[in-house]
Structure formats: C-alpha cells, structure tokens
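Have a look at the structure below, then the notes.
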Amino acid sequence: MEPPHLRLGTVICTDNGPNVLEFSFVTDDSGSEVIVRRGQFVSVITKHGTIIARVQNLIRTNRYYQHAEAVREYQSRGEPLRSIFPTDRWMYTIAEARVLGLWADNHTTRPYFAVSPGAVVRPVDDETLSSFLGIDNHGGLKLGTLAHHAVEFTPNLSGLLSKHLAILAMSGAGKSYFVSVLLEELLSRSKESGRLATIIIDVHGEYSYLNEIDPQTLGKASVEIEHVRGSHYQIAVDSLTVEGLASFAIEMSPVQLRDLKRIISGLRQGFDHGYTLKDIIEAVRMDETINKNTRDALIGWISNLESTNLFGKEATPKIENMIRPGKLTIIDLSDFISLRKKQIIVSNLAHELLSKRRSGKIPPFLLILEEAHQFCPESRQELALPKARIETIAREGRKFFALLCLISQRPVKLSTTVLSQCTNQAIFRCTNPYDLEHIGRTSEGIDRAALDAITTLEVGEALFIGECVTVPTFVKIRKRLYNPPHSQTDLFETIKKYDK
Amino acid sequence: MDHNLDRMLFQLVEEIKRIESIRTKFGQVMRSIKPDIDLGRYPSISSSLLETAFTTTVSPTSLSGLITAGVDGGLVKKRLKSMDLILTRGISVVFRFGTGEGPDVEFVPNPFPEPIIKPVMQSLSSVELDQLASLERISTEIQVTLNLLKEFHIDIILIDGSLIHHPRDRPSTASPVYEKYQETLALYRQLYHKVKKSRSTLVGVVKDSRSTRLVNMLGEILPHIIRKPEVFEKIQGVDYRWLLKISKDSDLLDTFLDEGERTFAFRMSYELGDNTSLPDDIKNWASRIWITYLKTAREDSPIRIEVLGKEGVDPVAHINKTLSAILPLSYHHPEYGLPSPIVEADARARITNHEARLVIDRLLALSGLSYSLIEQRRSRNPFGG
C-alpha cells in the first residue's frame with residue numbers, strides 16, 4: 001500500500017474514456033475532505049513516460065441522492081436522509097482530467113495512448129511540473145506560484161515578453177497589481193541577467209509611487225526610475241514629418257497635405273534651430289499660393305493642435321536619454337482629461353520608440369500601455385490616433401525587440417490585430433461574456449474549460465497562456481515587495497477621510 | 001395495437017377493478033370491526049396465539065443508543081457449457097445510533113466484499129440448481145450473521161428474508177443438493193443457538209411475502225364473526241370468501257391496517273403445519289419464531305416480520321419492543337417501508353450483471369478458454385439480446 005499522499009485516485013471507465021485526450025478518476029478522499037482541486041495538475045505514471053493532465057471538473061455523486069423523488073419522500077418527516085442512512089459512505093468524487101502531454105526523457109511529447117482504467121493518479125512532483133511547463137527556475141521573473149501547487153511561477157524574460165504580452169481583466173481583478181509585480185521584477189534584474197528598458201503609459205497615475213521605492217526592498221543598491229508628467233511632455237515639431245503631423249489630423253485631404261509639405265519644406269530651410277506650430281501657421285497665412293479654403297482648414301487644424309500645448313521646438317524628454325537598460329520611465333498622463341492629448345503623446349512616443357529602436361539609437365525596450373483599448377480600439381478608427389503606430393510595433397516590433405505589454409479591461413474593444421500579435425496573455429478574472437468570447441477567439445490554445453474557469457478566478461489569480469508556458473497555467477500572483485504608501489482602495493476609508 | 005391484445009388488456013383491467021373494489025369494501029368492513037375481534041373466542045387458532053386482540057398499535061421508540069444490523073445476501077447464477085457458477089455475497093451493516101447526526105456504520109466482513117464463487121460441476125436439473133443457489137445464498141447470509149455475532153454486540157439483527165428456508169428449497173433426499181441442505185440446516189441450528197446465548201434479537205424481514213396463513217385464519221374466524229347482525233349487514237354483498245381465496249396476507253392486510261399497526265403474532269410452526277419435513281429440532285425452533293405483519297409506511301403494504309423469541313421473556317412484550325425500534329427505521333418513506341439497515345445491506349450485497357461478467361471474463365483470461373468454449377449458445381447470440 002502506498003502512502004496516501006502519493007495517491008489522488010484511480011482511473012475509471014466512462015462512456016468515452018479514458019481516451020488519449022481525457023480521463024476520469026475517482027478520488028481517494030473520504031467524502032468530506034478535498035484532496036483534488038479544479039485546475040490542479042495530476043499525473044499517471046506509465047512505462048512510456050508520465051502523463052500530465054489537469055483536473056477540469058469535479059463531480060460528486062451519491063447513490064442515496066440520485067433519485068429526487070426518493071430524497072423528497074424520505075425527508076417528508078422533516079429528518080434528513082443522513083439520520084437513518086450512512087449516506088456519507090456512498091459519497092464519491094469523480095475528477096475529469098484533460099491530458100496535457102507526455103513527459104518522457106525530460107521533454108514533452110504529444111500523448112499518443114490512453115491511460116489504463118485502474119491506473120493510479122498521483123500529484124505531479126514540483127520539479128517535473130516546472131520542467132513540463134517550461135518554467136525557468138534560475139533567472140526567471142518571480143511572478144507568483146502555480147495555483148494548487150507550491151511551485152514558483154518564474155517564466156523567463158524572453159519567453160514572457162519577446163513576443164508581446166497582453167494583460168486582460170475586468171476592473172479590480174488585479175491587473176495593475178500584477179504590473180507592479182512585473183515592474184519590480186524588471187527593476188530588480190542585474191546587469192548579468194539582462195535588463196530591459198521599460199516605459200509605462202500611466203493613464204491614472206497608479207505607478208508614480210514607484211518613484212519613491214526603496215531600492216533595498218528589491219534587493220538592489222539603486223534603481224533608475226524617471227517620472228515624466230504628461231504636462232511636461234513636449235514634441236519637437238521639426239522632428240515630425242508631414243505625414244507624422246497629418247496623423248494627428250482627421251482625414252486631411254491630398255491637396256492640404258501637398259501644400260503643408262511645401263510649407264514645412266520651406267521652414268526647414270529657413271529655421272536652423274527648429275520651429276513651432278505657430279511658425280507653420282504664420283507660414284501658411286503668408287503663403288499666397290494656397291487656396292483660401294485650404295489655408296483656412298490648415299490654419300484651423302494646426303491652431304487646434306497648438307492649443308494642446310504638447311508641441312514645441314525641443315523634444316522633452318529626449319527619447320535617447322530616457323531609454324536606458326534597467327530604467328523605468330513612467331509617463332504619467334493623469335494630468336490630462338482630454339483623451340486626444342493622451343493619444344497624441346502615445347502616438348508620438350510609439351513612433352519615436354520604434355524608429356529609434358530600428359536605427360539602434362535606443363536599447364530594446366518594453367512599452368507598457370495601460371487602458372490599451374483607448375489607444376488602439378477595434379472600432380472607431382478616426383478617434384484612435386496611435387492605433388496604426390501601436391499595430392506597427394505589434395507586427396514588426398518583435399524583430400527589433402521593441403516590445404509591447406498591453407493592459408485592458410475591455411478586451412472586446414481592443415484591436416484584434418494587436419491582441420492576436422500578443423503571443424502571451426495573462427488573463428485575470430473576467431465575467432463579461434463579450435470579453436470572454438473575444439478572448440476565446442483571439443487566443444490560441446485556450447479551450448472552453450479554461451475560458452469557463454476565467455469567470456471563477458479570484459482577485460490576483462491569472463491564467464497565463466502563450467509561449468511562456470507549455471499549457472495554459474493558473475497562477476496566484478505574488479505579493480508586491482513595495483506597496484504604495486498612500487493608496488486608498490477602500491471606499492469606507494476614503495469617505496471617512498473626507499468626512500472629518 | 002392488436003385488437004385482440006387490447007381486448008385482453010381491457011378484460012384484465014375490468015378484473016383488477018373488480019378485485020380492488022371488493023378488497024376496498026372488505027377493508028372498510030374490517031377496519032370497522034377489527035377493534036372488536038377477540039381471538040380468544042376461536043379455539044381453532046387461539047392455541048397458537050398469545051394475544052386476543054387482532055391488531056396492536058406500535059409506538060416508535062428513540063433510536064439513540066440502538067445498535068442494529070442489517071444482513072443481506074446477493075446471488076447470481078451463471079449457466080456455462082461445462083459447469084454452472086453460483087456467485088453469492090453476504091454482508092452485514094451495523095448501525096450504531098448515537099446522539100450525532102446519523103448512525104455510525106461498520107461492515108462485516110467489509111464495505112464491498114468480493115463475491116464467493118461456487119462452481120457446480122455436477123449435472124443438476126433446473127429445480128435442483130435453483131435450490132442449490134438459494135441454499136448457497138442462505139448459507140452465506142448465516143455465515144455473515146455468525147461472524148457478526150462474534151464481533152459485535154447487536155441489539156437487533158435484521159435479516160433480509162425469512163428466518164427459515166422456504167419449503168421449495170428443500171431437495172429430495174436422493175438429490176445431490178441434499179448434502180448442502182443438511183449443511184444449511186446445521187448453520188440454522190448454529191445461528192439459533194448463538195442468538196439464544198447472546199442478548200441480540202434475531203428478526204427476519206420479508207419484503208414480498210406470498211404467505212396466506214393469516215388470510216386462512218381469517219377465513220376460519222370470519223364465518224363466526226359475521227353471525228353478529230351488525231357485521232353481517234356490513235359485509236353483505238362483499239364476496240369475501242372468494243377474496244380470501246385469491247389474496248396474500250400482506251395484500252389483504254394493506255386494506256385495513258393503519259400505519260404503525262401490527263397484527264396479532266402467531267408461531268411459525270403454526271404456519272408450517274404438521275406435514276413439514278423439517279427435523280424435529282428445527283421444528284422446535286420454528287415454534288419459538290413469532291410472525292406478525294407491521295404496516296410501516298402509509299402507502300406501502302405491511303411487511304412480514306419474524307422474531308425469534310427469547311427464553312424467559314414475555315413474547316408479546318419482546319415483539320412490541322423490537323417493533324418499536326423497527327418502525328422508526330422504516331417509516332421515513334411513505335411508499336417504501338423497509339428498515340434502513342436492510343436497504344443499505346441490499347445495496348451492498350447486490351451482485352450486478354456487470355460484476356458477474358467480470359468474473360466470467362477473469363475466468364476466461366486465466367483459463368485461456370474462449371467464449372464459445374465456455375458460454376452457452378443463448379449467451380453468445382451474435383446479434384446480442
């Protein structure tokens with residue numbers, strides 16, 4: 001007889017199993033205890049290797065409660081069945097498991113046989129599980145632990161980020177918390193283990209607290225963090241091409257574009273130390289060759305752009321200075337109410353980052369984009385200035401290690417093109433059926449059961465899918481090492497503070 | 001639907017309606033006169049009885065502190081080409097009622113005992129094979145009960161079925177099954193002796209009794225009872241003689257026993273009569289077994305209960321005490337009035353076809369024989385069925 005902790009149950013026959021892809025087993029628990037959990041990895045040892053499977057569902061059965069009419073009649077005197085029958089002795093738990101792979105000779109192969117009825121189902125040992133899931137135990141990012149297992153989830157940097165990452169969840173499910181954990185991991189990396197430059201578009205000012213982080217909490221002597229307020233962000237007008245400028249406008253006509261090109265070409269020759277939008281307006285006004293309607297349209301449009309106060313002679317901050325290995329740059333857009341201003345900054349930044357990365361002027365970087373559905377929505381193209389540029393990074397960035405991390409609480413509103421380019425996804429609790437359907441459509445390797453499980457995830461629990469794991473994996477995100485000192489997340493505490 | 005079949009079914013329905021109508025009317029009469037029946041006035045039956053009242057109301061007692069056991073046996077016969085297989089399984093479930101939510105339960109020999117396989121190489125007639133199978137099942141049940149008595153102190157042991165074999169299970173002295181019959185009788189003797197020495201009460205619970213002894217007794221006393229004008233007036237027009245001829249005890253009693261009510265108790269020896277071929281000592285034991293019918297559930301027919309009397313204990317008090325514990329074990333389901341230990345034992349003792357099939361398959365695997373060599377033609381129909 002084996003020690004009880006080495007056994008979880010025994011494979012049983014069902015109408016269509018065990019088959020190559022799934023099997024069911026009766027658990028060894030006595031009825032009241034829970035020894036197998038939904039989402040848990042289990043194994044069946046065979047002579048060809050170890051079949052690794054995951055519990056998809058658990059069914060409890062009891063012959064005394066199989067006939068509704070008998071249960072009702074027996075209890076018609078007001079006493080439970082248990083008062084006269086040993087109902088607990090007929091309680092069984094049937095676990096339905098989906099086969100994930102065959103672990104043999106230290107590598108995973110596709111399962112090609114069905115486990116035998118009567119086979120013993122056991123827990124998967126931690127080492128095998130880590131190897132099977134492709135978790136990097138040395139040098140990986142310590143993001144949490146596997147749900148139902150004492151195994152650290154430490155995907156390697158390359159596996160998690162090199163082909164873009166999407167973080168999807170409903171509000172309050174733990175997205176921002178996870179991003180904080182991810183940022184802590186990126187900041188705490190040593191030069192030897194490889195450091196990535198990180199830029200985060202902080203729409204709500206949630207990450208500015210990191211500016212005050214004590215490096216020792218991350219086990220480092222110093223960390224480099226730059227906090228850039230949106231109102232301090234300035235785009236150098238002379239760095240913009242006509243097409244670049246035109247991208248901030250809605251449907252500029254070819255005639256307007258041609259005239260503007262000519263005007264800017266003239267300005268470039270006349271101004272050695274850069275020019276402003278006001279200079280362009282003045283030049284348009286003075287140019288007599290431009291048709292009156294075109295002139296008015298151009299002046300109106302550029303004046304409108306000028307009123308954003310985002311444009312000037314010099315670029316602030318300078319991208320080349322801002323992007324350095326191991327450095328975190330927080331672009332804090334919480335000062336802006338105008339979505340257009342946010343979009344202009346994101347659009348410009350995305351363009352600058354990619355072009356400078358292409359030319360090798362900046363190191364590989366990770367651009368983290370909060371509320372990504374506001375910047376690259378699936379529909380309403382005319383209102384999404386940065387969409388094309390983000391899509392370009394999504395499509396082409398990986399070749400230059402210009403990496404994206406998109407965060408959204410409305411996946412259904414996020415560009416399908418961008419989402420489908422995010423090879424890795426961290427999906428937190430999500431209950432909106434449209435969002436779930438969208439996630440299911442755009443995520444390869446996510447099955448119905450995993451999709452259903454997303455609705456029942458706890459706060460701080462995520463489903464990782466993509467290249468960072470061999471199979472979709474449920475992870476409990478670890479605690480932050482450094483917490484925001486003045487965070488007010490509780491309504492009660494907040495109203496008390498204001499109601500003194 | 002075929003017209004002939006329809007006609008036949010229609011006739012059958014009419015017949016059923018007629019019987020039910022007479023039975024209901026008879027029940028109404030009996031219900032009104034049962035409190036007044038004094039059995040002591042009828043010498044032909046009173047010598048076998050202890051009570052003079054026709055019915056007695058049983059008061060349910062608290063189960064707290066009661067230790068009771070249910071014993072049942074499962075049986076499957078498999079006819080193979082060169083031999084027959086008899087599979088039996090006996091189990092006892094011990095219910096220990098305390099102050100907790102429900103009973104604590106133990107099992108003898110274990111919660112899921114394997115079936116006992118008895119190969120029968122001799123060539124037996126169908127009747128003999130049935131007798132042998134039945135005796136095997138009884139033996140298994142008695143063995144389990146004997147083991148139960150060794151291991152536990154039980155207040156009431158409820159055996160599923162009668163406390164003595166059915167007359168049809170007795171083979172002729174020349175039959176090859178006779179030896180098994182003698183063995184079974186020896187086990188009965190052991191059981192009665194063991195129970196006698198213990199403080200346990202042995203009870204047989206017969207689910208679907210086909211006995212007509214009580215009906216016959218009623219047939220003997222009713223002509224006297226209806227001499228009273230007021231009774232005669234009530235029963236006038238009810239063809240009770242015909243009804244008594246076609247009715248079984250439990251069916252007839254169902255028409256006038258109330259829930260929680262039992263009939264008078266009579267000795268089993270009275271039922272067996274003088275012509276029984278049982279050995280004398282078994283006959284003696286049979287005279288100590290008391291039979292009564294208890295209506296445990298409102299919509300279920302009364303169950304036949306056989307109680308082995310205790311020496312030095314007033315049988316009526318003993319029966320009432322025993323039934324006062326059986327009633328609360330049985331009255332929870334309005335349409336199914338069996339004691340819960342019997343229900344549990346029945347579920348565990350039953351040998352399913354699937355299980356029997358596994359045994360045959362294992363036999364084939366071990367012997368290397370094929371289905372065609374071992375299975376009868378009727379079991380090998382290539383089209384199934």
(request) Go through the range A:356-388 residue by residue and tally those that are more than 16 Å from the chain's Cα centre (by Cα) and modelled with pLDDT of 90 or more. (result) 10
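Among the strands (runs of 3 or more DSSP E) contained in the range A:56-139, which hold 3 or more residues that are away from chain B (no Cβ under 14 Å) and crowded, with 17+ Cβ neighbours inside 10 Å?
Values: elements: A:92-104, A:107-109, A:120-123.
In the range A:56-139, the matching strands (runs of 3 or more DSSP E) lie at A:92-104, A:120-123.
From the list B:E344, B:E261, which residue is closer than 19 Å to B:S162 by Cα, in contact with a strand residue (DSSP E or B) (Cβ under 6 Å, 6 or more places away or on another chain) and touching a residue at least 24 places away in the same chain (Cβ under 8 Å)?
On the way: B:E261 fails: closer than 19 Å to B:S162 by Cα.
Just a single option satisfies the conditions, and that option is B:E344.
In the range A:264-301, which residue that is outside any helix (DSSP H, G or I) and among the β-branched types (V, I, T) is nearest to A:P254 (Cα to Cα)? Step through it out loud before you land on a result.
Let us first name the residues in the range A:264-301 that are outside any helix (DSSP H, G or I), namely A:271-276, A:287-291.
Subsequent filtering for residues that are among the β-branched types (V, I, T) retains A:276, A:289-290.
Working: A:T276: 23, A:T289: 16, A:I290: 13 Å.
Only one residue fits best here, namely A:I290.
Might you check whether a residue that is under 16 Å from the mean Cα position of the chain (by Cα) and crowded, with 20+ Cβ neighbours inside 10 Å occurs anywhere in the range B:277-289? Reasoning before the result, please.
Filtering the range B:277-289 down to residues under 16 Å from the mean Cα position of the chain (by Cα) leaves B:286, B:289.
Filter again for crowded, with 20+ Cβ neighbours inside 10 Å, leaving B:286, B:289.
Within the range B:277-289, one or more residues are under 16 Å from the mean Cα position of the chain (by Cα) and crowded, with 20+ Cβ neighbours inside 10 Å.
Does A:E396 satisfy the condition of being farther than 30 Å from A:R357 by Cβ, in contact (Cβ under 8 Å) with a residue 24 or more places away in the chain and either touching a helix residue (DSSP H, G or I) at 6+ places or on another chain (Cβ under 9 Å) or surrounded by fewer than 18 Cβ atoms within 10 Å (Cβ to Cβ) (or both)?
Judged against the criteria, A:E396 is not a match.
Would you say B:L243 is touching a Leu at 6+ places or on another chain (Cβ under 8 Å) and in the same structural domain as B:E335 (by TED's automatic domain parsing)? Quick ask: steps written out before the conclusion?
On the way: touching a Leu at 6+ places or on another chain (Cβ under 8 Å): yes; in the same structural domain as B:E335 (by TED's automatic domain parsing): no.
So B:L243 fails the test.
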(request) Pull up the range B:313-333, narrow it to residues that are in contact with a helix residue (DSSP H, G or I) (Cβ under 9 Å, 6 or more places away or on another chain) and not in a loop (DSSP other than H, G, I, E, B), then point me to the one that is farthest from B:S64 (Cα to Cα). (result) B:H333
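Answer with yes or no whether A:S43 is within 22 Å of A:S131 (Cβ to Cβ), away from chain B (no Cβ under 14 Å) and in contact (Cβ under 8 Å) with a residue 24 or more places away in the chain.
In short, yes.
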(message) Exactly one of these conditions fails for A:S420: (1) in contact with a Ser or Thr (Cβ under 6 Å, 6 or more places away or on another chain); (2) of a type in the set (G, A, S); (3) within 20 Å of A:I200 (Cα to Cα). Give me its number.
(response) (3)
(request) Starting from residues that are part of a helix (DSSP H, G or I) and touching a strand residue (DSSP E or B) at 6+ places or on another chain (Cβ under 7 Å), keep the ones in the range B:19-60 and report whichever is surrounded by the fewest Cβ atoms within 10 Å (Cβ to Cβ). (result) B:K34
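The values are calculated or read from the model by the stated rules, or taken from the named source; none is laboratory data. Remember, predicted model here, so these are calculated numbers, not experimental data. Cβ atoms come from the backbone with ideal geometry, glycine included; neighbour counts cover every protein chain shown.
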